[in-house]
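Everything below concerns the one structure shown next.
What follows draws every value from the coordinates through simple rules; no lab data is involved. This structure is a prediction, so every number in the text was calculated from the model and none was measured. Ideal geometry is used to build each Cβ from the backbone, glycine not excepted, and the neighbour counts take in all protein chains shown.
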Amino acid sequence: MSRRLAILHHARSFFPLDLYRAIGDDIEPLWVLIDDASQDPTARRLLPRLGTVIDIAGLDLDEAAGTLATHQPAGIVTFVDDNLESAAGLAARLGLTYHSPEVAATLASKPRQRAALAAGGVAGPRFWTLPAAIELDALRALAHRIRYPAVLKPAAGSGSRGIFALFGPEDVLTFRLRGVEQLVEEYLDDDPTCDPRFASYLSLESVVSYGRISHVAITGRFPLADPFRETGNFIPAAVRPSLHRSLIELTDAAIEAVGITTGVLHTEIKLTSAGPKLIEINGRLGGRPPFVLRSVSDTNLFRVACELALGTPTTFPDFASCRGVGYWRMLQPPLNARRVRDVRGLAAISEAPHVDSLRLNHPPSDTVDWREGTEGQVVTVQGHVDDFAELADAIAFIDRTVEIDYDNAVSPAADSLRA
């Protein structure tokens, strides 16, 4: 018998058809549209074919919960940070398993989360909050108290959007957004012992079920594109087994500090010269790790997230067993690129034995903008290899084979990012 699961859809969430295929035939999706999701043309065309669509845009939480209750959902879930607090508010009103409203509010706010982690003694960067209504004199004074280099982030958001490197007080004044709360974090250095072919940060994919914590995978990363845009990841990570215990303990401490008792989590950690430090904890499934993990193991994190939302106790005895190394590579446009002129080499990539899929996200004549963050990728390649040596070779092959020409901005404004 099908169980009804309310899925709060978002334009930046997983493609609905991919999610529908992954969650299983015994779960009936109720696609819940709020705010921007109700205006998504893809959602309007595709979602009715994949389940019941419930539009609650413009309703307050009490009204939305009343509307949703008529469909009798057995669980609720979202896969984007934007909808965490709405999902928690609806779950509390409907008696469904999910983050509490307090926990969701902490997860959705980077300053609030950072304060909770610091209060819990979790190792992380120093940080400074820029209030939305801060006066200019106070901003200047704060800018001189910050330890540089530093990283400026929006207080809420994901996908590497709106993140800048700061090298001095003048940069705070340059990149400060008026009327918007932002967070400044101390820049964390790289662990000099890490493999230089890969980035010195990673993530743990974890499951918390009725307070019991399981860790499913460690996801590695490739070096970032300026300014802090992701270029892909791989599972398992190229990290020394001797580090596993400290990574797990750091993640467990973060989960306890925030007060999480349920959900699939995506926790980002930087490997520094002083040891692992927590970047942030996300109270939902990571964007790419579920796909990469499925390519080399039998673990379906999409399904796991849905089962948890439906109240099914779910635990894992150890990391998922992987058959080789799965990867997801993203080619990002340069900072000054404004339009794709030509793309070459895709045929050779698609024929490579280690490539499972290739997607051209921005064909010639498409505009591109680094401000889209990680999602501005021009080409995406997914595949699998036997080991890390082959992984490095595969990424080098992709990078030298795909050639992308751009029409670039005449203005050197992008250089002022100093990323």
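Here are the numbers for this structure:
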| read-out | value |
| --- | --- |
| Isotropic mean projected area of the C-alpha convex hull, segment 208-271 (nm²) | 5.0 nm² |
| Compactness of the chain, expressed as Rg and Dmax over alpha-carbon positions, Å | 21.4, 63 |
| Over segment 272-419: Rg over Rh, Cα atoms, Kirkwood Rh | 1.03 |
| Residue order, fewest to most beta carbons within 10 Å, for 203, 86 | 86, 203 |
| Shape of segment 125-186, Cα gyration tensor, a/c cut at 1.5 | oblate |
| Per-residue Cβ neighbour rank within 10 angstrom, fewest leading, 197, 329 | 197, 329 |
| In Hz, Karplus ³J(HN,Hα) per residue of segment 363-377 (6.51, -1.76, 1.60; θ = phi - 60°; x = Gly, Pro) | x, x, 5, 5, 7, 9, 7, 4, 5, 6, x, 4, 6, x, 3 |
| The chain - percent relative contact order, Cα under 8 Å, separation 6 or more | 14 percent |
| Relative contact order of segment 7-63, pairs being alpha-carbon contacts under 8 Å that are 6 or more residues apart, as % | 40 percent |
| C-alpha center-to-center spacing [segment 203-277, segment 123-174] in angstrom | 24 Å |
| Calculated Rg and Dmax of segment 3-98 using C-alpha coordinates, Å | 12.0, 32 |
| Residue exposure sequence - 55, 318 - by fewest surrounding Cβ within 10 Å | 318, 55 |
| Centre separation in Å (Cα based) which lies between segment 7-36 and segment 301-326 | 18 Å |
| Lys, Arg +1 and Asp, Glu -1 on Cβ, resulting dipole of segment 201-408 about Cα centre, debye, nearest 20 | 260 debye |
| Distant alpha-carbon pairs in segment 47-205 (separation over 29 angstrom), percent | 37 percent |
